[in-house]
1. Please list, in order along the stretch 138-155, the HN-Hα scalar couplings obtained from phi with the Karplus expression 6.51 cos²θ - 1.76 cosθ + 1.60 (θ = phi - 60°), rounded to whole Hz, x for Gly and Pro.
2. Take the Cβ-Cβ distance between Ala380 and Ala32 as r, set R0 to 56 Å, and report the resulting FRET efficiency rounded to the nearest 0.05.
3. Most exposed first by the Cβ proxy, i.e. fewest other Cβ within 10 Å, how do Trp71, Trp11, Trp178 rank?
4. Quick one: which of 356-364, 342-350, 376-384 comes out on top by average Cβ neighbours within 10 Å, and what's the full order, highest first?
5. Rounded, prolate or oblate: which one fits the stretch 210-291, using the alpha carbon gyration tensor with axes a ≥ b ≥ c (rounded when a/c is under 1.5, else prolate when a/b beats b/c, else oblate)?
6. Full extension from Asn255 to Ile176: what is 0.36 nm times the residue separation minus their Cα-Cα distance, to one decimal in nm?
7. Gain in length, Arg312 to Glu152, computed as 0.36 nm per residue apart minus the alpha-carbon separation, to one decimal in nm?
8. Just for the stretch 210-382, what percent of DSSP beta bridges are antiparallel, to the closest 5?
Amino acid sequence: MTTPQERMRRWRLVLGGGQGDGTACTLTGRDAAMDGALAALYQAGDASAQGGTPEERSGGLGSSAPRVARWLDDVREYFPQSVVQIMQADAIERLDLRSLLLEPEMLEAVQPDVHLVGTLLALKNALPEKARSTARAVVAQVVADLEARLAERTRSTIKGAIDRSARVNRPRHHEIDWNRTIRANLRHYQEEYRTIIPERLIGYGRSQRGVQRDVVLCIDQSGSMAASVVYAGVFGAVLASMHTVRTSLVVFDTNVVDLTDQLDDPVEVLFGTQLGGGTDINRALAYCEGLVTRPSDSIVVLISDLYEGGVREEMLRRVARMTAAGVQVVVLLALSDEGAPSYDRTNAAALAELGVPAFACTPDLFPDVMAAAIQRRSLAPFVPDPEGR
């Protein structure tokens, strides 16, 4: 059972107050250190409103790289990794620490994650020479971690989808796709035997040797899409490593850049992006449309929040033209672990009317989305209902 003293201790940690917080509890040792790390971030500048002087409440993190580095060491010691990443992101935003990320000593102290990579990519042109190698090492570490997490499942899921999409009508016993065979022969159900007579067998395709699908990843590199750019770069490299998939990777703002020739090195791909700027989706799709040579075997994945700065009507006509030609068009509003993104709902609704649903996708779900697209299955199961569930 929790004692009154323990309850007050917990309330003191939650409230983050001083002597006037009503708990009459003084923190010591590890509790005091945890409270100090939180106060440095979340109470900096709020001391007067809390009833104390800035010195009494917290000096904040200021603009000192050594002080920030010590704070980063503290939060890594006292909090789990998931919380550390949130606090780092909050520190960069709330306390405007971007300038400190230009220092290699600061970069070495930060816990690498996708959001930090996004920030570094946005700052890459401002990085001094002494910080660039450190920044590249940080990006490389995050990319390696993501590849280890995502690559194997992506390859196996997509390979299986390609094999299953190449159906054979005279399969060997172990190649029979029983689900499709049963559906294709339902009209041959024999009531007296209570079974189906399979007059036509449908089998999985045998392993394919040549290129079976052309995939074009078209990535909006506006600032709000930073995490999506990182994940898409990693997935592009994974897809490019598969001999059955021909992968192109295109990034855009108001200009279009083809990074396909760098897909063997996802770190180079990411440093080839330029986060921020305007958005011309129509121009990007025009370029991608030009890459399509086998419409019925092509998948164009547009990753964008759909805030179009170009010609909206032409963008929609282009999508309609591609789908009519047989191209499978997939629109992802975000490719990240975040919640529901901000996006242009009018454009999303217009695409849905064309039979192209737009939805956010987590990295863990992306292989399944691609598998469904390869097999030309409906993407409706991946679209959340209007309540966001």
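None of the figures in this text is laboratory data; all of them are computed from the coordinates on show. Since this is a predicted model, take the numbers as computed values, not measurements. Cβ placement follows ideal geometry from the backbone for every residue including glycine, while neighbour counts extend to all protein chains displayed.
1. So the J values, rounded to whole Hz, are 5, 4, 4, 5, 5, 4, 4, 5, 5, 4, 4, 7, 10, 5, 4, 5, 4, 4.
2. Working: r = 53 Å, r/R0 = 0.95.
For R0 = 56 Å, the calculated efficiency reads 0.60.
3. Working: Trp71 21, Trp11 14, Trp178 11.
With the fewest neighbours first, Trp71, Trp11, Trp178 line up as Trp178, Trp11, Trp71.
4. Details: 356-364: 18.8, 342-350: 15.1, 376-384: 12.3.
Going by the mean number of other Cβ atoms within 10 Å, highest first, we get 356-364, 342-350, 376-384.
5. Working: a/c = 2.33, a/b = 1.39, b/c = 1.68.
Oblate.
6. Values: separation 79, 0.36 × 79 = 28.44 nm, distance 4.81 nm.
Value of the extension gain: 23.6 nm.
7. Values: separation 160, 0.36 × 160 = 57.60 nm, distance 3.79 nm.
Gain on stretching Arg312 to Glu152: 53.8 nm.
8. Values: 3 of 26 bridges.
In the stretch 210-382, DSSP labels about 10 percent of beta bridges as antiparallel.
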